[in-house]
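S.K.: First, the structure itself, so that you have it in front of you.
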Amino acid sequence: MSSHYEAPIRKPLIIGDKNYHDVTVDVARPVEGRANKQWWIAFSIALAAFLWGIACVAYTVGTGIGTWGSNKTVGWAWDITNFVWWVGIGHAGTLISAVLLLFRQKWRMAINRSAEAMTIFSVIQAAMFPVFHMGRPWLAYWVMPIPNQFGSLWVNFNSPLLWDVFAISTYLSVSLVFWWTGLLPDFAMLRDRAITPFTKRVYSILSFGWSGRAKDWQRFEEVSLVLAGLATPLVLSVHTIVSFDFATSVIPGWHTTILPPYFVAGAIFSGFAMVNTLLIIMRKVSNLEAYITVQHIELMNIVIMITGSIVGIAYITELFVAWYSGVEYEQYAFLNRATGPYWWAYALMMTCNVISPQVMWFKKIRTSIFVSFVISIVVNIGMWFERFVIIVTSLHRDYLPSSWTMFQPTFVDAGFFIGTIGFFFVLFLLYSRSFPVIAQAEVKSIMKTSSETYKKLREQGGHDNHSHSEQNHH
Amino acid sequence: MYTFSSRLKTIAFVLMILGILGVGYSFFTAPKTVEDVERILAADSHHGGGHADAAHHGDAAHDAHASATEETHSHDAVKAHDTTAVTAHDSVHGAAAVAAHDDHNHDAHAKDAHAAHEGHDDAHAAHQEHLEHVLHQQQNKPWAAVYVAALFFMLISLGALAFYAIQYAAQAGWSPVLFRVMEGVSSYLIPGAIIVFLLLVAGVMGWHHLFVWMDPEVVAKDHLIQAKTGYLNGPFFLIRAAIFMGGWIFYRQYSRKNSLAQDDATDNRFYKKNFKASAAFLVFFIITESIMSWDWIMSVDPHWYSTLFGWYVFASFFVSGITVIAMITLYLKSLGLLEYVNTSHIHDLAKFMFGISVFWTYLWFSQFMLIWYADIPEEIVYFITRIEKYNLPFFGMVVMNFVLPILILLNTDFKRLSWIVVMAGIIILCGHYVDFFNMIMPATVGDQWFIGAGEIGAIMFFLGLFIFVVFTTLAKAPLLAKRNPLIEESKHFHY
């Protein structure tokens, strides 16, 4: 795939004295061992939140959307905020697995599996909000362009909301296939190590009969590249179309052309923050510090810093152009955002998304696990408020001042949101104990170029790959 | 070491001389008086088709005008609008007069129409107004041709400089063998920026009228521009330009100096300096690039605005810069130089040409689709002008910048073939020139556009100058950044 020579200034991506077998053992350990007390505590909390969410959703479905805080002026609030927040979080997974693959970033190999799992789990959470906002979720299939024999109902192809249905379902399918393709050799590894017939049977089904022959690997490489090529435009299209939900409307604060790329940047930003949140805990709990190193966290922090700054530039651009446009409504929308009754949400958004990531310019800070964890949470809060600011502040003071109002969430709004967080962690915690959380086959492929063990060997021998290949070259 | 061959040098000089002749000719033949314009228009209408066209323009003007009235909320303007419509029926010239007026000038429109109103049945006043307007557009034309080409070549070198900074900041291992080529391309930034700066100064001095907001008479009648004068005013405009260009040139010179110093260094000190400088430059660049595009490009249509515009312009010149890097690399390779550059490097450059072309299309589509979909007058007028008066360049550019690159460069093997990369590169460069043409011309020359001696001459002149400056720089230093800590990775890069 990529070059086999690595410059001496590059730091190792696998640290400690690890050989190929160690990788297998380390990755299989959380799956083969028993769960500890902390896992059960975390799981119980997540499950309780999830159950509370189910209760709130049941109440919504049984009573109606009136149980939410949305009102006549603010017809969209927490539901769509949560939807966009979760879809955005999902982006980092595909970005890491597909875009970083195209850019040949070797460091992605330690984190892509969990990032993709996060993608799939968060897209599931996102999908629930529009579905339950329908009021009659059992008719959710009506968003598909079903044949006319069902009745005279036909979807509106002019609506970005419909494009969302296509974009997100395509994205979820491709991500799932991409994730599973990568999992095949790793499931096979677990299958081959399994002691009980039951686990052997399960992992044998999950690994689709992976044999490990050269032909398998060749097809694996080919399909990975094709899927990466497909997933890259898809990941960009998803949040672009999510932004169209707003930007196509003639609503000041929503209709602005920068929204598509800025939503994508924001999505990557929040997604990387969530990956950091999850992996900082996971590397500790599952003893994976040798693979998910401080350097990995540092690189993710840099991505957070860059995307946060891009988002910041977009905020300022919107503000400036609102003034520059000379359009009164446009100017008021932004003035109201910054100084109106929701100024605190705007201030929170600016502080969390634009200012807080700037601390990552300092190497000491971006290599500190503790600060990284704190910032990752701060960014996730900030990105939730960004969507809240865009959605609620643009709606609550519309063109008709007599209908101006505020939005008051109900306990059902909050419960549903907490429920999705619970569901997400339930899925992630189950995943962390039954799936190989590191793409061990891929990590093994960079062992010789990028592990501390081999780097040391090369130095000791004074015979590095490059002088060797240079001889071949001439 | 590369030596600047006398053949190539001759080509560069011939291009510059021919360019000067072409530009000179277009300035010389531009109409000087209203009578000249009348003669030209009369000659044109004999060719036929003019009438149908004019009627069509009348409709467009009607729309544009409606939008203008909505903005001004002025009863007078509404009245003026009706009058204009009447005039349009009365006289083909009257209709053309409205059409010829650009959207940015709708208050002037109102004035025109008032003039017509006062004269009532006398279409003569409107006719005179129209002739004067066409005269301004035709006098703008050679300036606009020079400005588009000057800006385009300067931005190519800025795009290459941004690409270079990204390679450093990302610690890319594949590209250091191409650093000297990138430094060569970015060397044009200095003369290029100076020329563009002088053109901006000329605008502020009133020597040309590409930026209507620089004209105090226009501003006096236009309350929308008046509201922007805190930002759109001559001194601040030039100060911004000087700071932006100064910053870019400073980074260019500083990083080049470090890059050369690193060749003979014993440690990685200069490399580290460049790493830090590149990160700082990219921050400066992302901010200044957006503002630059509003100032130098978007403000020629001073009523129109789009938040995405800066990034859209960036995508356009970024892909052009990468394309030029690829083409010069292939040229040097064909001379037997750049021994460590292999097909994998070319493949990667071609991937960037492909990828950034798609990225450009993404931004083009986002901007176009959102404005088309929302269809609000103050925004849509931009695309109405382009689709109605610039139909071929507007859609032709999408074919050249998206359809053809994607078809040609999708195939893996094609990305490794020199002649295919060069062919795709020529299409991309022509396409993005047309992109800049479409950004500047509608507001400055309106429907008086065509690609003639001035446009081609300006391209030739700046191409000649670009070749001369870039290859002179390439000949000054070894083509391999031999002591770059990542150079071995780059030499043995194989994909």
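S.K.: Find the residue count for the stretch B:442-495, including only residues that are within 20 Å of the chain's Cα centre (by Cα) and within 14 Å of another protein chain (Cβ to nearest Cβ).
M.R.: Number of matching residues: 0.
S.K.: Out of the residues in the stretch A:291-306 that are β-branched (Val, Ile, Thr) and within 12 Å of chain B (Cβ to nearest Cβ), which is nearest to the chain's Cα centre (by Cα)?
M.R.: A:Val303
S.K.: Looking only at the stretch B:252-272, which residues are away from chain A (no Cβ under 14 Å) and under 19 Å from B:Ala172 (Cα atoms)?
M.R.: Across the stretch B:252-272, the qualifying residues are B:Arg252, B:Ser255, B:Arg256, B:Asn258, B:Ser259, B:Leu260, B:Asp263.
S.K.: Moving to a separate point now. Need a quick list: helices (runs of 4 or more DSSP H) entirely within the stretch B:188-241 having at least 3 residues that are closer than 18 Å to B:Leu151 by Cβ.
M.R.: B:189-205
S.K.: Of the residues B:Leu363, B:Leu332, only one is assigned to a helix (DSSP H, G or I), more than 14 Å from chain A (Cβ to nearest Cβ) and in contact with a Leu (Cβ under 8 Å, 6 or more places away or on another chain); which?
M.R.: Going through B:Leu363, B:Leu332 in turn, just one is assigned to a helix (DSSP H, G or I), more than 14 Å from chain A (Cβ to nearest Cβ) and in contact with a Leu (Cβ under 8 Å, 6 or more places away or on another chain): B:Leu332.
S.K.: For the stretch A:206-222, how many residues meet the condition of being farther than 19 Å from A:Ala194 by Cβ and among the small types (Gly, Ala, Ser)?
M.R.: 1
S.K.: Report, ordered by the first and then the second residue, all pairs with beta carbons closer than 7 Å, sequence separation of six or more or different chains, a first member in the stretch A:289-304 that is closer than 14 Å to A:Phe373 by Cβ, and a second member that is buried (at least 22 other Cβ atoms within 10 Å of the Cβ) and of a type in the set (Phe, Trp, Tyr).
M.R.: A:Met300/A:Phe272; A:Ile304/A:Phe269; A:Ile304/A:Phe272
S.K.: Can you tell me which of B:Val324, B:Val313, B:Val319, B:Val283 is within 24 Å of A:Tyr315 (Cβ to Cβ), assigned to a helix (DSSP H, G or I) and away from chain A (no Cβ under 11 Å)?
M.R.: B:Val313
S.K.: What number of residues within the stretch A:289-332 satisfy the criterion of being under 30 Å from A:Thr405 (Cα atoms) and part of a loop (DSSP other than H, G, I, E, B)?
M.R.: Total satisfying the criteria: 2.
S.K.: Taking into account only those residues within the stretch B:397-453 that are of a type in the set (Phe, Trp, Tyr) and assigned to a helix (DSSP H, G or I), which is surrounded by the fewest Cβ atoms within 10 Å (Cβ to Cβ)?
M.R.: B:Trp419
S.K.: In the stretch B:193-232, how many are in contact (Cβ under 8 Å) with a residue 24 or more places away in the chain, surrounded by fewer than 20 Cβ atoms within 10 Å (Cβ to Cβ) and within 14 Å of chain A (Cβ to nearest Cβ)?
M.R.: So the count comes out to 1.
S.K.: Now for a separate question. Given the conditions (1) closer than 30 Å to A:Trp404 by Cβ; (2) touching a strand residue (DSSP E or B) at 6+ places or on another chain (Cβ under 6 Å), which single one is not true for A:Ile14?
M.R.: (1)
S.K.: Could you give every pair whose Cβ atoms fall below 6 Å, whose first residue belongs to the stretch A:248-260 and is at the interface with chain B (Cβ under 7 Å from one of its Cβ atoms), and whose second residue is outside any loop (DSSP other than H, G, I, E, B) and charged (D, E, K, R), counting only separations of at least 6 or pairs across chains?
M.R.: Close Cβ pairs (under 6 Å, with a partner that is outside any loop (DSSP other than H, G, I, E, B) and charged (D, E, K, R)) amount to A:Thr256/A:Glu318.
S.K.: Taking the stated definitions as given, is A:Gly93 at pLDDT below 90 and surrounded by fewer than 20 Cβ atoms within 10 Å (Cβ to Cβ)?
M.R.: No; evaluated as a whole, the condition is false for this residue.
Conditions (1) away from every other protein chain (no Cβ under 13 Å); (2) in contact with a strand residue (DSSP E or B) (Cβ under 9 Å, 6 or more places away or on another chain); (3) on the phi > 0 side of the Ramachandran plot; (4) charged (D, E, K, R), marked per residue:
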| site | (1), (2), (3), (4) |
| --- | --- |
| A:Ile316 | no, no, no, no |
| A:Trp323 | no, no, no, no |
| A:Glu328 | no, no, no, yes |
| A:Ala338 | yes, no, no, no |
| A:Trp343 | yes, no, no, no |
| A:Tyr346 | yes, no, no, no |
| A:Gln358 | no, no, no, no |
| A:Phe362 | no, no, no, no |
| A:Val371 | yes, no, no, no |
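S.K.: Something else now. Kindly indicate the residue of the stretch A:1-54 that is basic (Lys, Arg), touching a residue at least 40 places away in the same chain (Cβ under 8 Å) and in a loop (DSSP other than H, G, I, E, B) and also nearest to the other protein chains (Cβ to nearest Cβ) among those meeting that condition.
M.R.: Once the filter is applied, the top-ranked residue is A:Arg10.
S.K.: Oh, and also: Considering only residues that are closer than 20 Å to A:Val264 by Cα and among the hydroxyl-bearing types (Ser, Thr, Tyr), which ones fall in the stretch A:70-104?
M.R.: Those that are closer than 20 Å to A:Val264 by Cα and among the hydroxyl-bearing types (Ser, Thr, Tyr): A:Thr81, A:Thr94, A:Ser97.
S.K.: Further question on the same structure: So, B:Thr288, is that one surrounded by fewer than 23 Cβ atoms within 10 Å (Cβ to Cβ), within 14 Å of chain A (Cβ to nearest Cβ) and of a type in the set (Val, Ile, Thr) or not?
M.R.: For B:Thr288, the condition - surrounded by fewer than 23 Cβ atoms within 10 Å (Cβ to Cβ), within 14 Å of chain A (Cβ to nearest Cβ) and of a type in the set (Val, Ile, Thr) - is met.
S.K.: Can we say B:Ile249 is exposed (fewer than 14 other Cβ atoms within 10 Å of the Cβ), at pLDDT 95 or above, away from chain A (no Cβ under 14 Å) and in a helix (DSSP H, G or I)?
M.R.: So B:Ile249 does not fit the description; no.
S.K.: Right, another one. What are the pairs, 6+ residues apart or on separate chains, where a residue within the stretch A:123-150 that is farther than 18 Å from A:Leu172 by Cβ has its Cβ under 6 Å from a residue that is surrounded by 17 or more Cβ atoms within 10 Å (Cβ to Cβ) and not β-branched (Val, Ile, Thr)?
M.R.: A:His133/A:Asp79
S.K.: Quick test of your reading of the structure: A:Asn71 fulfils all but one of (1) surrounded by fewer than 17 Cβ atoms within 10 Å (Cβ to Cβ); (2) among the polar types (S, T, N, Q); (3) modelled with pLDDT of 95 or more. Name the failing condition by number.
M.R.: A:Asn71 satisfies all of (1) surrounded by fewer than 17 Cβ atoms within 10 Å (Cβ to Cβ); (2) among the polar types (S, T, N, Q); (3) modelled with pLDDT of 95 or more except (3).
The values are calculated or read from the model by the stated rules, or taken from the named source; none is laboratory data. It should be emphasised that the depicted structure is a prediction, and the values quoted were computed from it without experimental measurement. Here the Cβ is made from the backbone with ideal geometry for all residues, glycine too, and neighbour counts use every protein chain on show.
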